[in-house]
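One structure is given below, encoded as structure tokens.
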């Protein structure tokens with residue numbers, strides 16, 4: 001288990017309340033020993049004008065799930081947090097509707113810098129692959 005803190009799906013979904021992730025409909029659905037899973041609807045909130053999943057929505061999903069995973073790897077939730085410092089995404093195929101599912105796994109978990117791999121799929125087909133770099137920051141600065 002890579003997580004430093006005990007967590008639950010209820011806690012993770014509560015953390016998203018009143019955030020952009022909440023507005024986009026992102027929801028955590030599974031916690032594994034070294035991965036998290038979240039879903040996002042492909043609807044009026046996440047589509048571009050031509051009716052396809054917006055690449056920015058996929059990136060928001062990737063950064064959300066990766067940053068939360070990073071946060072779970074922090075020793076001291078009261079005095080530090082995790083922020084994304086670089087994200088890239090390759091959009092591999094179009095999505096017109098339904099639900100996409102993101103799975104995040106660590107590439108490297110360091111004391112201050114973490115790298116996360118996020119794969120987004122729909123019905124088993126990979127639609128986007130993303131890499132997120134996060135940094136642990138002190139909250140009292």
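The values are calculated or read from the model by the stated rules, or taken from the named source; none is laboratory data. All figures in this text were calculated on a predicted structure; none of them were measured in a lab. Positions of Cβ are backbone-derived with ideal geometry, glycine not excepted, and every protein chain shown enters the neighbour counts.
When you scan region 111-123, do you find a residue that is touching a helix residue (DSSP H, G or I) at 6+ places or on another chain (Cβ under 9 Å) and either within 21 Å of residue 51 (Cβ to Cβ) or loosely packed, with under 12 Cβ neighbours inside 10 Å (or both), even just one? Yes.
Here is a yes/no grid of residues against (1) within 26 Å of residue 139 (Cα to Cα); (2) assigned to a loop (DSSP other than H, G, I, E, B); (3) touching a strand residue (DSSP E or B) at 6+ places or on another chain (Cβ under 9 Å); (4) without any contact (Cβ under 8 Å) to a residue 60 or more places away in the chain:
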position	(1), (2), (3), (4)
2	yes, yes, yes, no
30	no, no, yes, yes
39	no, no, yes, no
51	no, yes, no, yes
57	no, no, yes, yes
74	yes, yes, yes, no
85	yes, no, yes, yes
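Each residue in region 124-136 was checked for being out of contact with any helix residue (DSSP H, G or I) (no Cβ under 8 Å at 6 or more places or on another chain) and either assigned to a strand (DSSP E or B) or surrounded by 14 or more Cβ atoms within 10 Å (Cβ to Cβ) (or both), and 6 pass.
Just one of the numbered conditions (1) in contact with a strand residue (DSSP E or B) (Cβ under 7 Å, 6 or more places away or on another chain); (2) surrounded by fewer than 17 Cβ atoms within 10 Å (Cβ to Cβ) is not true of residue 47: (2). Of all residues in region 87-98, those satisfying the criterion of being exposed (fewer than 15 other Cβ atoms within 10 Å of the Cβ) and either assigned to a strand (DSSP E or B) or out of contact with any strand residue (DSSP E or B) (no Cβ under 6 Å at 6 or more places or on another chain) (or both) are 88, 90, 94, 96, 98. Only a single item in (1) modelled with pLDDT of 95 or more; (2) surrounded by 15 or more Cβ atoms within 10 Å (Cβ to Cβ); (3) in contact with a helix residue (DSSP H, G or I) (Cβ under 6 Å, 6 or more places away or on another chain) is not met by residue 82, and it is number (1). Is it true that residue 139 is surrounded by fewer than 16 Cβ atoms within 10 Å (Cβ to Cβ) and under 18 Å from residue 55 (Cβ atoms)? No; evaluated as a whole, the condition is false for this residue. Answer yes or no as to whether residue 68 is at pLDDT 95 or above, under 23 Å from residue 107 (Cβ atoms), touching a helix residue (DSSP H, G or I) at 6+ places or on another chain (Cβ under 7 Å) and buried (at least 16 other Cβ atoms within 10 Å of the Cβ). Considered against the rule, which asks whether it is at pLDDT 95 or above, under 23 Å from residue 107 (Cβ atoms), touching a helix residue (DSSP H, G or I) at 6+ places or on another chain (Cβ under 7 Å) and buried (at least 16 other Cβ atoms within 10 Å of the Cβ), residue 68 comes out as yes.
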